Amino acid sequence: MGPSELRVTKAGIYWINGGNAKPGKHDRQKEPTYVNGQPWQPEWKDGGKERGTDTSEVHAIALEPAKLQLQLIAVGDTRDASGIEKRDAIKVKLAGEELSVVIPDSQFGARWYKFVLTQNPTARPFSVGAAASTASRSGCRANS
């Protein structure tokens, strides 16, 4: 068992997965991560196994990781969920020059997490929503 982690670099975003199902792959699903409303289907280094420790390729998007702030919008069992279901707290920190968004989600059942990452009050917002669970499913969504 392990968390899903979204990493934000100056070159783009990528997933790091713990021992559970990978983002979007819970129960043999193929849910994309949504970035600015567009689906991104992560390519995994291990060839796409449903579960296990792995890292995805980088999805190109220009960001300044050190200047981002996170606002949690919703946590629920569907992509269009509203409200925030009580789950483990998301952990946000700088890891070197990357922003780390850890979704521990040790509770049972996959969930979508929607959040916004904003560079500064005048910058265009970068939103993300993700799904995770003990048998973790993490798809993500980002809107501008």
Amide H within-cut-off set for residue 35, under 5 Å, with H built and near neighbours excluded: 40, 142
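Highest mean first, how do 59-71, 14-26, 96-108 rank when packing is the count of other Cβ atoms within 10 Å averaged over residues? The partial results should precede the final answer.
Numbers: 59-71: 14.4, 14-26: 23.2, 96-108: 17.2.
Peptide ranking by packing, descending: 14-26, 96-108, 59-71.
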Where a ≥ b ≥ c are root eigenvalues of the Cα gyration tensor, a/c under 1.5 meaning rounded, otherwise prolate if a/b exceeds b/c and oblate otherwise, the range 29-108 counts as rounded
Chain lengthening between residue 71 and residue 57 when straightened (0.36 nm per residue, less Cα-Cα): 2.6 nm
I'd like the distance between the alpha-carbon centres of the range 74-100 and the range 1-73, rounded to an integer number of Å. 12 Å
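No lab work stands behind these numbers, since they all come straight from the coordinates. These numbers come from a predicted model, not from an experiment. Using ideal geometry, Cβ is built from the backbone for each residue, glycine included, and neighbour counts are taken over all protein chains shown.
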